[in-house]
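Remarks on the structure that follows.
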Amino acid sequence: MFQRTAPYLLPKPDRQYRQWHHGLFRAVPQIQLAGRAGIWALGELLTTGLVGNAAIAGLIQRVSLLFLRSGPWAGGARAYLGIAVPGFPNLFLMYGPNTNLGAGSFIHMIERQARYIADLVGRLSPGQALEVRADVAERFDEEMRRRLDGTVWTSRGSWYRTASGRVVSNWPGLVSEYDRRTKAADMAAYALT
């Protein structure tokens, strides 16, 4: 399952549209389409670094690097099942940390992530937030580090290693294991608010 429409193109349930918005969108659907296209274009331009002003692109890069170096991913990216990060409710990653493969199909992994995320989102009611518990994410990260220890990916000089020696990209098991672990969301691993 793939979502072909970027999430920022879809109306968000937490964004309250006024009644006149609905009437305008029904009367002239092109206005809503133009607004969505503008949001999409801005998102694409900013995320791909194709902004016309190099100073803005540089600022975005500096802020991103500062976040990555001092934020929750300092020392290396980590996410529960490569999907959920503590402290970021309702943020679900695809092809996140520890989901790259040494053998097998990454498309298979992404499809499993999409299924898992759909399961999580399907359990939410409007206005609810879902966040992976920090202790669960930490146990998963420890498991990944332990299982990757001694593999070819952790060898000295391996480009898979971060400066601190962590391998944050590769999945240490078989794709069948990842399929089993993401078959259905374990709601005990999450805090629902």
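Numbers below:
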{"read-out": "Every residue from the range 163-193 that is in a helix (DSSP H, G or I) and either among the small types (Gly, Ala, Ser) or touching a residue at least 60 places away in the same chain (Cβ under 8 Å) (or both)", "value": "Val175, Ser176, Tyr178, Asp179, Arg181, Met187, Ala188, Ala189"}
{"read-out": "Output for the range 124-154, where each listed residue is in a loop (DSSP other than H, G, I, E, B) and in contact with a helix residue (DSSP H, G or I) (Cβ under 7 Å, 6 or more places away or on another chain)", "value": "Arg133"}
{"read-out": "Every residue from the range 58-110 that is among the basic types (Lys, Arg) and over 20 Å from Arg133 (Cβ atoms)", "value": "Arg62, Arg69"}
{"read-out": "The range 63-94, residues that are hydroxyl-bearing (Ser, Thr, Tyr) and loosely packed, with under 14 Cβ neighbours inside 10 Å", "value": "Ser64, Ser70"}
{"read-out": "Matching residues, the range 61-115, being part of a helix (DSSP H, G or I) and in contact with an Asp or Glu (Cβ under 8 Å, 6 or more places away or on another chain)", "value": "His108, Arg112"}
{"read-out": "Of all residues in the range 95-105 being surrounded by fewer than 16 Cβ atoms within 10 Å (Cβ to Cβ) and touching a residue at least 12 places away in the same chain (Cβ under 8 Å), the one that is farthest from Arg181 (Cα to Cα)", "value": "Gly102"}
{"read-out": "Within the range 139-160, considering residues that are in contact with a Phe, Trp or Tyr (Cβ under 7 Å, 6 or more places away or on another chain) and either in contact (Cβ under 8 Å) with a residue 40 or more places away in the chain or not assigned by TED's automatic domain parsing to the domain that holds Tyr190 (or both), the one surrounded by the most Cβ atoms within 10 Å (Cβ to Cβ)", "value": "Phe140"}
{"read-out": "Test: residue in the range 54-76 that is modelled with pLDDT of 75 or more and either of a type in the set (S, T, N, Q) or touching a strand residue (DSSP E or B) at 6+ places or on another chain (Cβ under 9 Å) (or both)", "value": "yes"}
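The values are calculated or read from the model by the stated rules, or taken from the named source; none is laboratory data. Note that the structure is predicted; figures quoted are calculated from it, not measured. Counting neighbours? That spans all protein chains shown, and the Cβs are built from the backbone with ideal geometry, glycine included.
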